[in-house]
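Quick notes on the structure that follows.
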Amino acid sequence: MKPTIEPREEEFGVIWEKDRDGLPKFKVYAAGHWEASEEYMDVRSPIDLSVVARVPRVGKALLQRTLRTVHDKGMWEVRDMPGGKRLDVYHRTADLLEGLKDEFADALVVNAGKTKHAALGEVKASVERLRRSDLDIRKILGEYVPGDWSEDTVETEAVVRREPVGIMLAIAPFNYPLFDTVNKVVYCTIVGNAVVVKPASSTPIPSIMFARLLELAGFPKRGLAVLTMLGRDMDPLVTDRRISGISLTGSTETGLAVLKTAGIKQFVMELGGGDPAIVLDDADVPDVAQRLVVGITGYAGQRCDAVKMVLAERGVYSELRSDLVKELKKIKVGDPRDEATTMGPVINEETADEMMRGISDAVRRGGKILFGGERTGRNYVQPALIEVSKEKVKGMGLYRNETFAPVSLIMPIDNIEDGLEVANGRRYGLDASVFGKDVNKIRRLMRMLDVGAVYINDIPRHGIGYFPFGGRKDSGIGREGIGYTFEHVTSHKSLVYNYKGKGVWDYL
């Protein structure tokens, strides 16, 4: 059955209409107005790669008009809304989203190729993120600085406060199009910024639908925009001096391109990853195998925190290798609309091509396919597990680069120092996992792994950002997480009071 993506509920009536050929044609939210366009982009479903919708390809005129409205009016309307009222908006939005969870889940299944279970999980996380917005304010605090510690500042004092930077550009990825939009909107606006969202070109529909909920919930209309455009059309938006900060989730290459062109702004970026897991001799192997397979195959490996490398001490290596193959055999690849499916397609043919090239390169360089690695459709693939050696792994593309697909390397290590050498040798440093019981080994690994987060006896799970996450090296700038990201979307302002000669202080 051909996939379709037509919002059914009356709340969404204003955001789309039927095209002449019967396809839904969506509008963008341009600072208080739902806008059509002269030019449209096709949106394809990963289920069968057919065109399921069209969205505007925002041009220069609409972009400039929207930015002017957000900068001149909306930025101040968000800032002037009391924080408590902003929280009320997020909570009302959460209620609306929960009531429309099936509508959003269906959009995620068709537009992103997620299984229904995964889609409902993303909606649930988005609802919780909105409701936990009240925890973001726990660190939005100022400081008092007395002046009597310097001769130059005696009889003065200062208050140092955090202020919004103005307008944040939120560039969302394709893999969590709803949650990442929700997360970025919350942490950008809760401190008083306006926000312009640029959804991924391949999965823009959930972001557009979410904008409608914010509008209904009472978010300042001129302080929000969701603009669909191709990545190659983004320079006028990224470089615009009215944009004060950029929040980007995407590849390292995209992040580098934005950094080179954006100019002087504030940044929070979660970039390339693909995480290593180190398994110690005393680990619970059956449990580890089950967890690692989830980490390898979740959303077809298209997650920045997916497990891409398993490094196991020799005492458990053979058992773990066998159990991983056994667990991978349980994965059912297929149409995500089928309830029996546990792993759907990758987002497009290019991603499947990249995975196949990576596997071929690994085999050519001495790797051995233990499981999978076959293409079962244009963009459907079996998860792959490839055995490699420490001596040859660093020359492999699957080691050097992040392959956004369900493929993982596995290799034996003689000790944790070997594991550290291999894990830290990559240019990425997002997360890592350590499985085992020896507290001394675990503690050393926690200290020495050059990553932003280490998960003990579990796979990396960023979840709603209850714990902060973000990478080192080529994996990003700053941190995302409830109560942490505000540091990257605000700016210090010092308010200095001069009381010299006023008799406020009588110093000895």
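The values are calculated or read from the model by the stated rules, or taken from the named source; none is laboratory data. Not measured: the values here are computed from a predicted model. When we count neighbours, we look across all protein chains shown, and the Cβ atoms used for this are built from the backbone with ideal geometry, even at glycine.
Restricting attention to segment 146-179, the residues being in contact with a strand residue (DSSP E or B) (Cβ under 9 Å, 6 or more places away or on another chain), crowded, with 19+ Cβ neighbours inside 10 Å and among the aliphatic types (A, V, I, L, M) number 7.
Number of residues in segment 38-63 that are surrounded by fewer than 20 Cβ atoms within 10 Å (Cβ to Cβ) and touching a helix residue (DSSP H, G or I) at 6+ places or on another chain (Cβ under 8 Å): the value is 3. Quick check: anything in segment 485-493 touching a helix residue (DSSP H, G or I) at 6+ places or on another chain (Cβ under 8 Å) and of a type in the set (Phe, Trp, Tyr)? Checked against the condition, which is being touching a helix residue (DSSP H, G or I) at 6+ places or on another chain (Cβ under 8 Å) and of a type in the set (Phe, Trp, Tyr), segment 485-493 yields at least one hit.
What about THR69, is it β-branched (Val, Ile, Thr), in the same structural domain as GLY113 (by TED's automatic domain parsing) and touching a residue at least 24 places away in the same chain (Cβ under 8 Å)?
Spelling it out, THR69 is indeed β-branched (Val, Ile, Thr), in the same structural domain as GLY113 (by TED's automatic domain parsing) and touching a residue at least 24 places away in the same chain (Cβ under 8 Å).
Of all the listed residues (LEU141, LEU135), the sole one being under 22 Å from MET168 (Cβ atoms), at pLDDT below 95 and in a loop (DSSP other than H, G, I, E, B) is LEU141.
For the residues GLU17, GLU77, the requirement of being without any contact (Cβ under 8 Å) to a residue 60 or more places away in the chain and either assigned by TED's automatic domain parsing to the domain that holds GLY223 or in contact with a Pro (Cβ under 6 Å, 6 or more places away or on another chain) (or both) singles out GLU17.
Of all the residues that make up segment 23-56, how many are more than 21 Å from VAL195 (Cβ to Cβ), in contact (Cβ under 8 Å) with a residue 60 or more places away in the chain and in contact with a strand residue (DSSP E or B) (Cβ under 8 Å, 6 or more places away or on another chain)? Total satisfying the criteria: 5.
For ARG86, the stated conditions hold: it is among the basic types (Lys, Arg) and touching a Ser or Thr at 6+ places or on another chain (Cβ under 7 Å). Filtered by the rule that a residue be under 18 Å from ALA277 (Cα atoms) and β-branched (Val, Ile, Thr), segment 346-401 gives ILE386, VAL388, VAL393. Within segment 428-441, residues that are free of Cβ contacts under 8 Å to residues at least 60 places away in the same chain reach partners that are of a type in the set (D, E, K, R) with beta carbons closer than 9 Å, at six or more positions or on different chains, in the pairs GLY429/ASP450; GLY429/ARG472; GLY429/LYS473; GLY429/ASP474.
Could you say which residue among VAL279, VAL294, VAL288 is among the hydrophobic types (A, V, I, L, M, F, W, C), in contact (Cβ under 8 Å) with a residue 24 or more places away in the chain, touching an Asp or Glu at 6+ places or on another chain (Cβ under 7 Å) and under 30 Å from LEU398 (Cα atoms)?
Among VAL279, VAL294, VAL288, only VAL279 is among the hydrophobic types (A, V, I, L, M, F, W, C), in contact (Cβ under 8 Å) with a residue 24 or more places away in the chain, touching an Asp or Glu at 6+ places or on another chain (Cβ under 7 Å) and under 30 Å from LEU398 (Cα atoms).
Scanning segment 271-287 for residues that are under 30 Å from VAL165 (Cα atoms) and out of contact with any Lys or Arg (no Cβ under 9 Å at 6 or more places or on another chain) turns up just one, LEU271.
Only one of TYR484, TYR455 is of a type in the set (Phe, Trp, Tyr) and touching a residue at least 60 places away in the same chain (Cβ under 8 Å). Can you tell me which?
Selected residue: TYR484, the only one of TYR484, TYR455 that is of a type in the set (Phe, Trp, Tyr) and touching a residue at least 60 places away in the same chain (Cβ under 8 Å).
Could you please give the count of residues in segment 303-333 that are in a loop (DSSP other than H, G, I, E, B) and buried (at least 17 other Cβ atoms within 10 Å of the Cβ)? Residues that pass the stated criteria total 5.
Please indicate, with yes or no, whether at least one residue in segment 268-288 is outside the structural domain of ILE246 (by TED's automatic domain parsing), out of contact with any strand residue (DSSP E or B) (no Cβ under 8 Å at 6 or more places or on another chain) and within 30 Å of GLY483 (Cβ to Cβ). No - not one qualifying residue is present in segment 268-288.
Filtering segment 269-302 to residues that are in a helix (DSSP H, G or I) and at positive phi leaves TYR299, ALA300, GLY301.
Taking segment 1-33 as the range and being over 26 Å from the mean Cα position of the chain (by Cα) and either within 21 Å of PRO345 (Cβ to Cβ) or not in a loop (DSSP other than H, G, I, E, B) (or both) as the test, the residues that pass are MET1, LYS2, GLU10, GLU11, GLY13, VAL14, TRP16, GLU17, LYS18, LEU23, PRO24, LYS25.
Tell me, yes or no, whether segment 202-219 has at least one residue that is in contact with a Gly (Cβ under 7 Å, 6 or more places away or on another chain), surrounded by fewer than 24 Cβ atoms within 10 Å (Cβ to Cβ) and modelled with pLDDT of 95 or more. Give the steps one after another, and end with the answer.
As a first pass, look at segment 202-219 and keep what is in contact with a Gly (Cβ under 7 Å, 6 or more places away or on another chain): none.
No, segment 202-219 contains no residue that is in contact with a Gly (Cβ under 7 Å, 6 or more places away or on another chain), surrounded by fewer than 24 Cβ atoms within 10 Å (Cβ to Cβ) and modelled with pLDDT of 95 or more.
Is segment 210-217 home to any residue that is farther than 30 Å from THR297 by Cβ, part of a strand (DSSP E or B), out of contact with any Cys (no Cβ under 6 Å at 6 or more places or on another chain) and acidic (Asp, Glu)? No, because not a single residue in segment 210-217 is farther than 30 Å from THR297 by Cβ, part of a strand (DSSP E or B), out of contact with any Cys (no Cβ under 6 Å at 6 or more places or on another chain) and acidic (Asp, Glu). I'd like the full set of residues that are more than 24 Å from ASN193 (Cβ to Cβ) and either outside any loop (DSSP other than H, G, I, E, B) or at pLDDT below 95 (or both), limited to segment 462-498. Scanning segment 462-498 gives ARG472, LYS473, VAL496, TYR497, ASN498. Within the span defined as segment 394-402, every residue fails to be hydroxyl-bearing (Ser, Thr, Tyr) and part of a loop (DSSP other than H, G, I, E, B).
Remark: pairs (first residue in segment 101-112, under 18 Å from MET1 (Cα atoms) and touching a residue at least 60 places away in the same chain (Cβ under 8 Å); second residue outside any helix (DSSP H, G or I) and basic (Lys, Arg); Cβ separation under 7 Å; 6+ apart in sequence or on different chains) = LEU108/LYS114; VAL109/ARG337.
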